[in-house]
Ligand code: PLP
Ligand code: COI
């Protein structure tokens, strides 16, 4: 293996075209075998279902180089099953979960030189996605679909990496009760673009969305779940039917309890409680764990005691344990690591 000549440590979270991607087409009720191709361009009908009615969903996971030099992926089976849930909710055909994981593995193998080295601060982000590809003009599901997997080396999602960020409470909603907030539909992200551009213009890194029905409970941000730590070291993380079931968050709940001996509460979290927490962070594949230093609620600031300089002590322990498992420094729970 010959790593590409890239300054890995200066990478942000952006797209870099890599060598190969996996493409499979669904037609007449069946998926074809799929191929790896060098062609990074998608050719579509002007009336493709995805272009008219946004029939598309995606996933995000990462490949890591471990301390021992192996290349591994973190819990791809959970991404496969979450994408199956997304497809069902969007009337799209499921790509069989075992084949889904195979396609991800094949894509990483075909781009092995693009996996950032251990300790570089970068990782290989993998983006599987599916969309309705044949012409659709009446509002209905497409008959034909394309499933693709590409990968791109990435650095930190938030500028500054591990430095605490400042976020704001959003006046916009991310997801309706009984809507699509629990799946990874492109449409959820389209409607978050206006609020995120506005947040950035006002100097905030992200939006904290509250539940749309009552505006009293914490949901998530545009691209990550919340974790909070109480003053006595309990991990508290919001439970809601309208947030994405983050694989990072589900993993952190296990890590907190089994590796760090912390108490874990997965429950509804009222915004009124937030001021009493000692630490706050955002967790996700892209975000990893990004500490939140301040939350701006319409001019009123909630400042966490952990401050604006570094992660709070529990957040740091969670971060070190999670990334330690992903990078092979700490033994992972059974089935969490797929070696390429
Ligand atoms: N919430 C949203 C809205 C996301 O887009 C993501 C990213 O995938 C997450 C949470 C975190 O999920 P995961 O940890 O599975 O990457
Ligand atoms: C991920 O963490 O994989 C996501 O899809 C989040 C997105 C905001 C990049």
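FYI, it's all coordinate maths here, none of it is from the lab. Quick caveat, the model's predicted, so the values are computed rather than measured. Glycine also receives a Cβ, built like all others from the backbone with ideal geometry; neighbour counts cover every protein chain displayed.
Can you tell me the order of 177-183, 64-70 when each peptide is scored by its average per-residue count of other Cβ atoms within 10 angstrom, highest first? The partial results should precede the final answer.
Working: 177-183: 17.0, 64-70: 15.4.
Highest to lowest by the protection proxy: 177-183, 64-70.
Defining a contact as two alpha carbons under 8 Å apart and six or more residues distant in sequence, what relative contact order in percent does the stretch 1-69 show? Let's see the in-between values first.
On the way: 31 pairs, mean separation 13.1, N = 69.
The normalised contact order for the stretch 1-69 reaches 19 percent.
Would you please calculate the Kirkwood hydrodynamic radius of the stretch 130-191 over all C-alpha pairs and express it in Å, rounded to one decimal?
After inverting the pairwise mean of 1/r, the radius is 15.9 Å.
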How many angstrom lie between the Cα centre of the stretch 186-218 and the Cα centre of the stretch 322-340? 32 Å
Scattering curve values for the stretch 97-232, log₁₀ I(q)/I(0), Debye with Cα scatterers, q = 0.16, 0.17 Å⁻¹: -1.12, -1.18
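With a/c under 1.5 counting as rounded, go ahead and sort the stretch 187-294 into rounded, prolate or oblate using the C-alpha gyration tensor (a ≥ b ≥ c being the square roots of the eigenvalues; past the cut-off, prolate if a/b is larger than b/c, else oblate).
Working: a/c = 1.67, a/b = 1.57, b/c = 1.07.
Judged from the Cα gyration tensor, the stretch 187-294 comes out prolate (a/c at least 1.5, a/b above b/c).
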Given the stretch 1-79 reduced to its alpha-carbon atoms as identical point scatterers, what log10 I(q)/I(0) does the Debye formula return at q = 0.12, 0.23, 0.25, 0.26 Å⁻¹? -0.58, -1.51, -1.53, -1.52
Please report the base-10 log of the normalised intensity I(q)/I(0) for the stretch 45-171, using a Debye sum with one equal scatterer per alpha carbon and no solvent, at each q in 0.10, 0.11, 0.20 (1/Å). -0.42, -0.50, -1.06
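Relative contact order for the stretch 187-230 using alpha-carbon pairs under 8 Å, separation at least 6, rounded to a whole percent?
RCO, the stretch 187-230: 26 percent.
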On a C-alpha basis, how far is the centre of the stretch 231-266 from the centre of the stretch 26-71 in Å? Whole number, if you could? 30 Å
Its Cα gyration tensor gives the chain an equivalent ellipsoid whose semi-axes in whole Å, largest first, are 32, 25, 18
Got the relative contact order for the stretch 164-278 handy, in percent, Cα pairs under 8 Å and 6 or more residues apart? 27 percent
Report, to the nearest 10°, how far helix 97-110 tilts away from the longest principal axis of the Cα atoms in the chain, using its own Cα long axis and a range of 0 to 90°. 90 degrees
Shape verdict for the stretch 203-244, please, from the Cα gyration tensor: rounded (a/c under 1.5), prolate (a/b greater than b/c) or oblate. oblate
